[in-house]
Structure formats: structure tokens, C-alpha cells
Amino acid sequence: MKQDNVLEIRNPDPKFRDYLTEILQSGCRRIIAEALEVELNDFLDSYREFKGGDGTQRVVRNGYLPERHLQTGIGAVTVRVPRTRDRHRCADHPIRFRSSILPPYLRRSRSIEELLPWLYLKGISTGDFKEALAVLVGEDAAGLSANTIGRLKTKWETEFTQWKRRDLSGTRYVYWWVDGIYSNVRMAERQCLLVIIGITETGKKELVALEDGLRESELSWKGVLRDLQQQGLLVGPELAIGDGALGFWKALAELYPQTQRQRCWVHKTANVLNSLPKSLQTKAKQQLQAIWMAPEIKEAEQQFDRFIETYEAKYPKATYCLEKDREVLLTFYRFPAEHWKHIRTTNPIESAFATVRLRTDKVKGCFTSTTVVSMAYKLCRCAEKRWQKINGVDKLAKIIEGVTFVDGLERIAA
């Protein structure tokens, strides 16, 4: 008889116990209890001199309030808050202990409060909340209703309105990245978010303006820039980086005429390649890259001319698309070389709004224009903490001072 070498493996317990989480929860309960005891003793000490009519202590301990479950990042933790009793029954205002660590109606920790908007903003639909939260904080995630998102939306709209009224007097931006971001939500008109991200002379990158519109028109951009001036931003940036949306550039020339212009090489490359056959696009892309990667403007001009000579005869539309913006494509050579990789494209906006596109792709219905723009605002403000810092921060102040840069290097006065 053939020997059976198959070993029987017992099924694991369906109610698998996570011992590590249990240890953490146990420690959490103990720490909370100790903290509450310290808080209660401090409270009783502050009323030690208060005596009743018979000379006894007026405020004394009186057991505990009923147990309650607090939702935390490590699951539900059972807590008991101590309580006190005021023996002076005739007092108009009895003295009661109210914990600042665990207020009476607290049911979840702040980390969970912050988790809810992040789940929503990152693409979890309200219908999937129960399943997502069960995985993250356990099956007994009570009090984490998707209705919370409705209240959060209202709060975000209020925050956005207040932010648009902030005082910008005294603020100075060195660079602006500008773009129009189209959302994919189902509305009567396709919505366009007009976005400006700026960097101050101290190196802080922040959201400057965010407005909703129907298209990137001159009128829409004028409204955005006028609002900034009304908020106190009377001096524009030294350089604005954007694509070929003519509406913004016309508005900029009227309201901030001293600002220099830099066209985005990513957008320009895509536009030029669209006018060439696919068989030539790989080589043409390398030739375009040779222009904006040149270490000096003289070499960039030579590469520019070489590209025009190569494709002008057969593909005049492609060469015209490139040639007409020659000057504003090479503006970055008049700024510090450390900044070149940051100011040649509008990538700071594209990367920041990737999560906005994810959110609107997940839930394309039940949106209003106000909801979309306030949600985009909240995402940007959250993302600000992780935005990449610009190289050569020390050079920003020199640009404001009017120091001249040639081929990315500071020109030393003779």
C-alpha cells in the first residue's frame, strides 16, 4: 500500500486573535485611566479649601460614569471616567468634574476624525465606508457613519470662504505655477478649476488662488487676479509658469505687467508631438529635450534652430507651434540654475491635483460646483505639508532684490 505523505493542516481558529492589538489596547486603557486619575486629583486639589456647612470636604469622589467605547486608531478601547459629588446640595452652581482628556460626548479619537475626510478625499465612496472602516479600526466601529461626510463638506465650504478673504498684504511671491484643471463630474457644464500655486521669498510653497469656472478665459482669470489684488497682493510674482491658455497671459499683462512669463515645456512638447506622425515622435521628443536641457541659452538656441530646420519643410504646423513661443520657452535661463527643474513645467500643479481627479473619477454624480472647489481646496491644504521644497532657497531673496542671472549663474557686477 502506498504511503500517504500528505500532512493534515488544521484550519486556524476563525476568530483569530490579534494579540499585539490586544496588548496595545490594554496598555491604552491603563494609560488613559492613569491620566484621568491625575486629572481628577488636580481637580480635587483645586477645591480642597471648599468646605460644607458641617466642615466636611465639599467635593469628593463618587465612583465612575458608565463605561463607554472610544474608537481609536488601534480599535475600540473601553474607558471609565471618574466622577465627583458636590455635598453642598443647596448650591446654585454645583461643582462637577469634567475631563478635558475625555469630554462627555467624545466617541472617537482625533486620528479617526482625520481618517474620515481622508478616506473620502482619497476616493472611498460613502457607501464603502463601513467596509473600509471595519478593516482599519475593527468590526465594532460604532459612530463612524458616512453622514459625517455631509457635515465635513459644510465645514470645508466655510473654511474655503474664509480662506478666500485672507489678508495678503505684505506677502511676496517669487514664482507662480498656473493651470486650469478640468474635473470629470457630471454637471450641466464641464467645470474648470483655475489654480495658482506660489512660492514665497522664504521658500514656502502654498496655494495662492483656487476658483471655479467654465473655461480658461481672460475674463475668468481677470476675476481671480483682481480678487488677489483686493486681498492686498499688489505686487505680482517675478515669474509665472503656465501652459498656452491665452486667457491667463492676457489677464496677467493687464494686472501684473512686471511679471515675466515661462511656458511649460511638458505642455509644449505634447502640443508639438501631436502635429508629427508617430514614427517621428520618439526622435522629436529627444530633440525637444535637448533644447530645454542645454546648460546655456546659446546652445539651447542652436538646438532650437536645428529642430526647426529638420521639420519645417514637411511639418510646418509643428515647427510653428514651437517657434511662436521661443522667447517665453527660454525665460528660465534668466533665473538661478537650481530652480530650472522646478520652473520649466507646471508639474507642481499636476501632481497636487492628481488626488482631485481620483476623487471626481470615483464619484461623478451628486456634485455641485461649490462641493468640487471646496473639496479641491481641502485636498491642496492637506497636501501642502508634503509639497517638494525648491532647491536653492537662498536664491529666492536675491531674485526679489533684482540680482541678475545669466545662464542660471549670478552675474557679478564689475
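Hull surface divided by four, with the convex hull built on the Cα atoms of the stretch 162-406: how many nm²?
For the stretch 162-406, the mean projected area of the Cα convex hull comes to 14.2 nm².
Each residue of the stretch 42-58 in turn: what ³J(HN,Hα) in whole Hz from Karplus with 6.51, -1.76, 1.60 and θ = phi - 60°, glycine and Pro shown as x?
Computed from phi, the couplings for the stretch 42-58 are 5, 5, 5, 5, 5, 10, 4, 7, 7, 10, x, x, 8, x, 8, 4, 6 Hz.
For the stretch 36-68 and the stretch 221-285, what is the separation of their Cα centres, given in Å?
Measuring centre to centre over Cα atoms gives 66 Å.
Calculate, for Leu219 and Glu327, the FRET efficiency according to 1/(1 + (r/R0)^6) with r their C-beta to C-beta distance and R0 35 Å; round to the nearest 0.05.
0.85
Students often check this: by mean Cβ neighbours within 10 Å, which of 381-394, 262-275 ranks highest, and how do the rest follow?
Taking the mean over residues of other Cβ atoms within 10 Å, the ranking is 262-275, 381-394.
So, in nm, how far is label Asn391 from label Leu409 when the simple model puts each one 7 Å beyond its Cα toward the Cβ?
For the pair Asn391/Leu409, the computed spacing is 1.6 nm.
Using a 10 Å cut-off around each Cβ, can you sort Ile196, Ile31, Ile399 from fewest to most neighbouring Cβ atoms?
By the 10 Å Cβ count, ascending: Ile31, Ile399, Ile196.
Can you give the extra length, in nm with one decimal, that the chain gains between Phe50 and Gln289 once fully stretched, where that is 0.36 nm per residue apart less the Cα-Cα distance?
My answer for the length gained is 78.0 nm.
So for the stretch 206-312, if I pair up every lysine 8 or more residues apart or on another chain, how many of those pairs have alpha-carbons under 27 Å apart?
Final tally of qualifying lysine pairs is 9.
Around Cys321, what is the net charge, scoring Lys/Arg as +1 and Asp/Glu as -1 over all other residues with Cβ under 12 Å from its Cβ?
+2
Please list the non-local residues whose amide H lies under 5 Å from the amide H of Tyr182, H modeled 1.01 Å from N, same-chain partners needing a gap of 5 or more.
Here Leu193 satisfy the definition.
Please list 198-206, 304-312 highest first by mean number of surrounding beta-carbon atoms within 10 Å per residue.
Highest mean packing first, the order is 198-206, 304-312.
For each of Thr154, Thr84, count neighbouring Cβ atoms within 10 Å of the residue's Cβ, then give the residues from fewest to most.
Taking fewest neighbouring Cβ atoms as first place, the list is Thr154, Thr84.
Which FRET efficiency value, to the nearest 0.05, is calculated for His88 and Thr202 with the Förster distance at 60 angstrom and r the Cβ-Cβ distance?
The calculated FRET efficiency here is 0.55.
May I ask you to sort Cys321, Cys192 by Cβ crowding, counting other Cβ atoms within 10 Å and putting the fewest first?
Cys321, Cys192
Multiply the residue separation of Glu350 and Glu299 by 0.36 nm, subtract the distance between their alpha-carbon atoms, and state the gained length in nm to one decimal.
Gain on extension, Glu350 to Glu299, equals 15.5 nm.
I need the calculated FRET efficiency for the pair Glu159 and Lys314, taking r as the beta carbon distance and R₀ as 60 Å, to the nearest 0.05.
The pair Glu159/Lys314 has a calculated efficiency of 0.65.
Sort 323-331, 44-52 by the packing proxy (mean of other Cβ within 10 Å over each peptide's residues), most packed first.
323-331, 44-52
With viscosity set to 0.890 mPa s at 25 °C, what whole-number translational diffusion coefficient in µm²/s follows for the stretch 251-303 from Stokes-Einstein and a Kirkwood radius over Cα pairs?
Translational diffusion coefficient: 189 µm²/s.
FYI, it's all coordinate maths here, none of it is from the lab. The shown structure was predicted, so the numbers you read here are calculated from the model rather than taken from an experiment. A quick note on method: Cβ atoms are made from the backbone with ideal geometry, for glycine too, and the neighbour counts reach across all protein chains shown.
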